[in-house]
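First comes the structure, then the notes that go with it.
The values are calculated or read from the model by the stated rules, or taken from the named source; none is laboratory data. Only a predicted model underlies this, so the values are computations on that prediction, with no experimental measurement involved. As a convention, Cβ positions derive from the backbone with ideal geometry for all residues, glycine included, and neighbour counts pool all protein chains shown. Just so you know, the surface numbers come from the protein's heavy atoms only, side chains and all, with ligands and any DNA or RNA stripped out. Shrake-Rupley method; radii C 1.70, N 1.55, O 1.52, S 1.80 Å.
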Amino acid sequence: MIVLSKPYLTGKEIEYIGEALQKQTSGNGAFTKKCQSFLQEKYGFRKALFTPSCTDALEMAAILLDIKDGDEVIIPSFTFVSTANAFILRGAKIVFADSLPHHPNIDTAAIEQHITPQTKAIVVVHYAGMAVDMDKVMALADKYKLFVVEDAAQAIDAYYKNKPLGSFGHFSCFSFHETKNIVSGEGGLLVINDEKFSGRAEIIWEKGTNRAAFIRGEVDKYGWVDIGSSFLPSELTAAFLYAQLEKIDYIQQRRKEIWDYYYEKLSTAVSLYDVLLPAVPEYATHNAHIFYLICNSPEQREYLTRTLKKAGIQAFFHYPPLHFSKFHLQTHKPEVLPHAVKYSEQLIRLPLYVGLERDEQNFVISEVASALSEYIGPPARK
Ligand SMILES: *Cc1c(COP(=O)(O)O)cnc(C)c1O
């Protein structure tokens, strides 16, 4: 069985977790600081706080933005539920924008159409670690005085015009979930790019107390100063993450080799059958998080999925569009966002992980090519 994704372990995880067991297991200890400094230095983030998940980082961003009942937040429909939930939990009204015709990322032109006097924030998702056009998003934010949050869950070590993703929005949220490029089981990061939020971010992170300032010796006792929650992961998780961060360049290089090999070897086969390879925007340097194909019809995607499964290859769809979810439709009328629906019905992800061997990848490639050549079904959707 060739699975879709498999976490890569560097070999140092157990050693570092053992060290944490000896020193400190609760959060905000030496490993947490090492992870945060590593990411701040490597990517030039102003301030980074390690969190239990990207979901938690998004929830922190929503608290920090003071999202209240009636505030509108624009997000893509083609994304994971946490992008929406984090803001709904604070009472926001979610306004879904469609994807681009040629790319699963949010259509920046659609964003502007959805802006109203109630709009408070735009949340962009860098799908597959491929940059959204951040110049356009930041220009809209400037023009209408809005906040920008980057859901960079998939976007570690990816760039927009050579600047790291996660350094554009007022806040950015990364994930170290087992399925991402760099993992710690569960884990996330809140990046605070606007200095004025730094102090409060630390307080919310520390359950509404000024304990972080106390640990640094800035205050002689700490207490309850704001709302907050338990947004500190344990040092065991930070130790796991640090072992991964030390190997980030190797992990990224291996993933890119695999991604590039798929792209090269599948280009002929897919062009014969009206299937599309990922369209990497010219301003984006992606991080090989996902290799996907866009089939020419839902039926062709189903056939490909089923045929690969029979061959022992896991290849999956990705997000059902959130605007069509059961939860959203309880209180909203169905909207028309055709591109989000297209990616949900026609996109398929192929196995991609550091340990994927060349002969396994060749097998996936030949099975994809032969499945596409055998498929007879409804004509391509245009
Ligand atoms: C993985 C993912 C999340 C959630 O990350 P967790 O760390 O599991 O909370 C959120 N948004 C996107 C786009 C993701 O891919």
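As a calculated quantity, the FRET efficiency between Leu21 and Glu374 at R0 = 51 Å, using C-beta atoms, amounts to about 0.40. The range 1-29 and the range 96-147 have their alpha-carbon centroids 36 Å apart. Rounded to the nearest 20, the Cβ-based charge dipole of the range 133-193 about its Cα centre (Lys and Arg +1, Asp and Glu -1) stands at 260 debye. Ordering of 280-290, 164-174 by packing is 164-174, 280-290, highest average first (other Cβ atoms within 10 Å, averaged per residue).
As a length-normalised measure over Cα pairs under 8 Å and 6 or more apart, the relative contact order of the range 38-190 settles at 26 percent.
With the charge dipole of the chain set up from +1 on Lys and Arg Cβ and -1 on Asp and Glu Cβ about the Cα centre, the Cα lying farthest toward the positive end among the listed residues Gly312, Ser344, Leu266 is that of Ser344. Which one, Pro76, Ala128, Ala141, is farthest towards the positive end of the dipole of the range 51-204 when Lys and Arg carry +1 and Asp and Glu -1 on their Cβ? Farthest towards the positive pole: Ala141.
Accessible surface ranking for Tyr343, Tyr261, Tyr144, 1.4 angstrom probe, highest first: Tyr144, Tyr261, Tyr343. Modelled spin labels at Phe38 and Ala213, positioned 7 Å past Cα toward Cβ, are 3.0 nm from each other.
So how strong a dipole does the range 297-382 carry about its Cα centre when Lys and Arg Cβ are +1 and Asp and Glu Cβ are -1, to the nearest 20 debye?
On the way: 11 positive and 9 negative charges, 76 e Å.
Its charge dipole is roughly 360 debye.
Relative to one another, the C-alpha centroids of the range 166-241 and the range 269-345 are positioned 33 Å apart. Per residue, the accessible area of the range 113-208 comes to 33 Å² when a 1.4 Å probe rolls over the protein heavy atoms.
Candidates Pro104, Gly228, Ala213 compared by Cα position along the dipole of the chain: farthest toward the positive end lies Gly228, with charges placed on Cβ.
For His114 and Asp220, a Förster radius of 51 Å and the Cβ-Cβ distance give a FRET efficiency of 0.55, rounded to the nearest 0.05.
Given in Å, the Rg to one decimal and the Dmax to the nearest whole number for the Cα atoms of the range 90-175 are 12.2, 36.
Over the chain, what is the relative contact order in percent, taking alpha-carbon pairs closer than 8 angstrom and at least six residues apart? Show your work: numbers first, answer last.
Numbers: 793 pairs, mean separation 85.1, N = 382.
With pairs under 8 Å counted, the relative contact order is 22 percent.
Suppose every Lys and Arg Cβ carries +1 and every Asp and Glu Cβ carries -1, with no other charges. What dipole size does the range 35-169 come out with about its Cα centre, to the nearest 20 debye? In debye, rounded to 20, the range 35-169 gives about 280.
Averaging 1/r over each pair of different alpha-carbon atoms in the range 153-237 and inverting the result gives 14.4 Å, the Kirkwood hydrodynamic radius. Applying Stokes-Einstein at 4 °C and 1.567 mPa s to the Kirkwood radius of the chain, computed over alpha-carbon pairs, gives a translational diffusion coefficient of 60 µm² s⁻¹.
With runs of 4+ DSSP H residues as the only contributors, calculate the mean residue ellipticity of the chain at 222 nm using -39,500 (n - 2.57) per run, divided by the residue total and rounded to the nearest 500. Let's see the in-between values first.
Working: 14 runs with 154 residues, N = 382.
Mean residue ellipticity at 222 nm (helix-derived): -12000 deg cm²/dmol.
Of the accessible area of the chain, computed with a 1.4 Å probe over protein heavy atoms only, carbon and sulfur atoms account for 55 percent.
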